[in-house]
Structure formats: C-alpha cells, structure tokens
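Engineer: Handing you a structure now.
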Amino acid sequence: MSTSSNTSRSSSAVKIPLQRTESRHRQNFLTVSQRLLDPKVKENELLQLVTDIRERIEIVHSSEYRNFLQFYMPAFEHILTTRVPPQFHVNHLNKLRHNVLEILNRLPSNDYLTQYIDKLILLVMHIMEVDNEENALICVRILFALHKNFRPKLKKYVPRFLTFVQKLYKNLENTKNFIFPIQNHKNAAVAIASTPMHNTAASTTTPTVLLKSTNSFKVLTECPLIVMLLFQLYADYVAKYVEIFIPLMTSGLKLLPPPISIHIQNSTKLLEEFQTR
C-alpha cells in the first residue's frame, strides 16, 4: 500500500515539471508573437526577435511544434506581407525577411504543418515573384519540399510556378544584356547581385544592390529540378508545358555573353534604374 502511494507521488512529481515547461514555452510563443505583430516595435527589435527564433529552431522537432506554428505563422506572414516590403539593397530589413524565410525553410513537413500548407505555399510563391534573388532562392527550396512532401494536395498551385519559370526564360535576353555590359550601350552595367563594389568611393556609402528574382540567373538555375519533380508528380501537365518550355530553353541555350570591353563607373545607379522598369 505504501509502495503504491510512493509510486503515485513519484509519477506526479515527474509530470509537473514537464507541464510547467510546456506552459512556459507556450507563454513565450504568445509573448514573442505579440511583439512581432506590434506596429510600435522597431525593425531592429523585430530582427533580434526573429534571429533568436531562428537560433532556437530545434524546438520545432519537439512536441511544441504545434504551438510554434499556432503563434508564429501569423506573425511571420504579417512581417513578409505587411510590415516589411521586399528590399533590393543589403540592409537590416532584408536580413529580417531573409531570417523569417530561413525559419520557414527549416519547418518539418509533418502533420502539424498540414493545416498551414495552403497559406504557406501562396505566401512563398508571392515572395518568390516579387522579392530579390537571395530570398527567392529560399522560396524555391521551400516550394520543392512542400510539393515533395504534401503531394497531391498542392497540384492546383503548379501552373502558377510553371508560369513564373516561363517568365524567367523570357527575361533571359534582358538579364544577359544587363549583367554583361555591351559596348556603347547606355544601360550596360557590371554590377552583379550581392557582389560588393570595390575600389570606388561609393563603396563606403552605397549599399550593395540585389537583383529582382525575375532577373536572376541564380533563381533560374534552381528551377529545373523542381520542374522535373512537378512533371513526375503530375504527369498530366507534361504535354502542355514541355511544348512551352522546349523553345524557351533552346532559345536560352543560344544566348552568348557579349565581350566586356567597357568600364562602367556608376553600375549601382544603372542597376537601380533597371530594377524600376
């Protein structure tokens, strides 16, 4: 009788710290998410909060993943769609968006995430279409994981992605002419996305410029792998889109970079002009 009573008390003593730990995590998620959604919170604090979440991302592999998604997903969506617009210079705001996307990229694709996949894929596709190449690259990787792990639930979103890839191929000529300067061409430039300028006075005052996703060789090179995956998963799209892609790819293969024979002093200014077209 005494042994049974002691066992019962011991069992209860083990459970109480666990419950308190779960309650503490949930309260922390709530507090931080409220800060992330608060319009009075400065961007620097938002960056620190998001960085802290990213550095403690291992918690998504615990039983707290459900609460993590419940409190943080609305906050992440708010930051990416409302609070901080896409950035085309290397700055703390772009770092904030980039960190949020890195968190989304590391979310386990399990049952807890299922209820969020429609919102998540729409969010990621939108960012991929309008953001800079650094952030778009993460979006492409997130899309690959979503389609791979949640097929066939995401089939209806396939045409939108394939249309985006078509746009990348159609923009190849303009992208080539911009990245590889042409002699005597008024819009030529030698700046390449995310490559700082050196040996110029402007390098100490002008932030590095980032290319749009739709004018990025890097983004384009990431797309064939996911296109192949989508064709494997949804064979009924193959006939229609292969007919579209083959001429675009063939045209892209024929492009050659012109000889770089001029020196552009103000490449950042030209890049900014190109971004606004």
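Engineer: Rounded to the nearest 0.05, what FRET efficiency is calculated for SER23 and LEU225 with R0 set to 51 Å and r the Cβ-Cβ distance? Walk me through the numbers before you get to the answer.
Structural biologist: Working: r = 43 Å, r/R0 = 0.84.
Calculated value: 0.75.
Engineer: Label GLU55 and ASP38 with points 7 Å out from Cα along Cα→Cβ: what is the distance between them in nm?
Structural biologist: Label-label distance for GLU55 and ASP38, simple model: 2.0 nm.
Engineer: Expressed in nm to one decimal, what extension gain is obtained for the pair ASN105 and MET249 from 0.36 nm per residue of sequence separation less their Cα-Cα distance?
Structural biologist: Values: separation 144, 0.36 × 144 = 51.84 nm, distance 2.84 nm.
Residue separation times 0.36 nm, minus the Cα-Cα distance, leaves 49.0 nm.
Engineer: Could I ask something else about it? Can you put HIS61, HIS147 in order, fewest other beta carbons within 10 Å first? The partial results should precede the final answer.
Structural biologist: Numbers: HIS61 11, HIS147 23.
Going from least to most buried by this count: HIS61, HIS147.
Engineer: For the stretch 66-124, what is the largest minus smallest coordinate of the Cα atoms on each principal axis, given in angstrom and ordered from greatest to least?
Structural biologist: 37, 19, 19
Engineer: Between GLU45 and ASP118, what length in nm is gained on full extension when 0.36 nm per residue of separation is reduced by their alpha carbon distance? Please report the intermediate quantities before stating the final value.
Structural biologist: Values: separation 73, 0.36 × 73 = 26.28 nm, distance 2.92 nm.
Net length gain for the segment: 23.4 nm.
No lab work stands behind these numbers, since they all come straight from the coordinates. Only a predicted model underlies this, so the values are computations on that prediction, with no experimental measurement involved. Note that we place each Cβ from the backbone using ideal geometry, even for glycine, and neighbour counts take in every protein chain shown.
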